[in-house]
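No lab work stands behind these numbers, since they all come straight from the coordinates. For clarity, every value in this text was computed on a predicted model and none was experimentally measured. When we count neighbours, we look across all protein chains shown, and the Cβ atoms used for this are built from the backbone with ideal geometry, even at glycine.
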Amino acid sequence: MIKKGWDNFFTEIAFIKKLIIQEGYMSFIYRRITSGLLILFFLFAFIKPNSVTASPGLVTITGTIKFQPRNWNSTSQNYLLSQDLAIQLYQYTGGVPILIDSTNTDSFGKYTFASKPIQNLTIFLKVWTQYPVNTLIPENSVMDTHTNIFNFPSDNTYLPNTGQYTKDFTITDQWPGYEALWIFQDLRNTWHYFYNTYYKNGNPYDSGIANVIWEPGVNGYMGINSSYTTPVYIFIADNSKNSMDVVVHEDAHKVMINANGYWYVDSNCFQHSIPRASDFKCAWAEGWADFLPLVVNNDQCYNFGKDKCQGTADQDYYNLELHSRMDNWNDFNWGESVEGRVAGALYDLYDSNNEGMDRIFRGITPIANYALKNPPIQTFQDFWNLWKANEPDTFLSGLTLYWNTIMYININQIYLPRVNK
Ligand SMILES: [Zn+2]
């Protein structure tokens, strides 16, 4: 080490001698000084100022996303939490914004962007009707007729300080197309309903992909002037966006298609309606889709408007718990070829309120087991055959169906005189 040091020293001396001989000693000294000043200049000009202004501090951004719901009330300001939305964090530049990070809101509408060196930047959020974020094929999304997913930018925020910054964002009717958030939340509610309440082979049930096309003012798509479902997409007509039950109805078809491919398209089914007889297959497919919104949206009415069980009965809504064999046939047809009867029977097998001759409370599990079975069943009679073979209390189940005008058992036995033992 020492030897090497001295070697270097002698090399340097030799180098200095050479320079003195070649260029003169003063010239050498002068050049050493000026190069030293240049180095100092660069140090001050670039390194030290750099450490003051161009090394931003770390900021964590967190917040809650809310939206203006269907039943908006300006007095109570009943904004709802936006679960599972895709959310992007952008740097505002005045020109093309720069994407910094992306995530999803959780089931409480909350999001967090991990700590980043973004102090002294101006940022904004962009919320998308898509889950999950950063995927080519979303599990759920709402897009317009040009298949552009709706997005909603927030206002800009300058971040002067390091640490945590809270940026909440409420999307109201000031954002065109904000109703896409209603439809998106209906899709997520349906997905979560199955995941949280129905287990298949011991696992939470994933009801699969459902992507909606909807656009303000558009009531028909691909030549069909109503809401409908295909194996590829769901179309929600703008004139039914107010009904969360219509959205879940269409999603129920998609859940069934995802589970077992059952998709009934027949001229008997084109003009179907809740109280009218169609055919057995149509009544089964539509009855399932009329039933599911009642349990996902947690009320016994199938509502065409924003409000639950409000307005004119059998016009603005159908109360499928109240309809029974007490109905006049002309007002509400009877039997297993009537979708409203299938839905009412499924609801009475499901629900805990046993009114009239409804004697069964079994929840979603056996119903979903048979409805979503693969290969699929095709009629309510098929459903009943599985139910009869696998569930207890066949007679009481049959009585529950009888209450809903569907007669699969010999009901007369209930009127036989009791035998006293
Ligand atoms: Zn339908």
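Taking a ≥ b ≥ c as the square roots of the eigenvalues of the Cα gyration tensor of the range 242-415, is the shape rounded (a/c under 1.5), prolate (a/b larger than b/c) or oblate? Provide the component values of the computation, followed by the final result.
On the way: a/c = 1.42, a/b = 1.12, b/c = 1.26.
It comes out rounded by the Cα gyration axes.
Sorted ascending by nearby beta carbons within 10 Å, beginning with the fewest, Ser82, Ser397, Ser76 become Ser76, Ser397, Ser82.
As a rough footprinting exposure proxy, the listed residues Met143, Met222 were ranked by other beta carbons within 10 Å of their own, and the order from fewest upward is Met222, Met143. Each of Lys373 and Gln91 was given a label point 7 Å from its Cα along the Cα-to-Cβ line. The distance between the two points is 5.9 nm. Of interest is the spacing of the C-alpha centroids, which for the range 317-332 and the range 57-83 amounts to 39 Å. Beyond 24 Å, how much of the Cα-Cα pair distribution for the range 144-246 remains, as a whole percent? Tail of P(r) above 24 Å: 41 percent of Cα pairs.
Counting every pair of alpha carbons in the range 265-331, the share spaced more than 14 Å apart comes to 61 percent.
By the gyration tensor of its Cα atoms, with a ≥ b ≥ c the square roots of the eigenvalues, what is the shape of the range 118-176: rounded for a/c under 1.5, prolate for a/b over b/c, or oblate?
Numbers: a/c = 2.91, a/b = 1.89, b/c = 1.54.
The shape class here is prolate.
Apply 1/(1 + (r/R0)^6) to the Cβ-Cβ distance of Asp279 and Ser55, taking R0 = 51 Å, and write down the FRET efficiency to the nearest 0.05. Intermediate results must be reported in sequence, preceding the final value.
Working: r = 72 Å, r/R0 = 1.41.
Rounded to the nearest 0.05, the efficiency is 0.10.
Work out, in µm²/s and without decimals, the Stokes-Einstein translational diffusion coefficient of the range 58-171 at 20 °C, 1.002 mPa s, Rh from Kirkwood over C-alpha pairs. The diffusion coefficient I find is 144 µm²/s. The length gained by stretching the chain between Asp393 and Asn134 to full extension, at 0.36 nm per residue less their Cα-Cα distance, is 88.3 nm.
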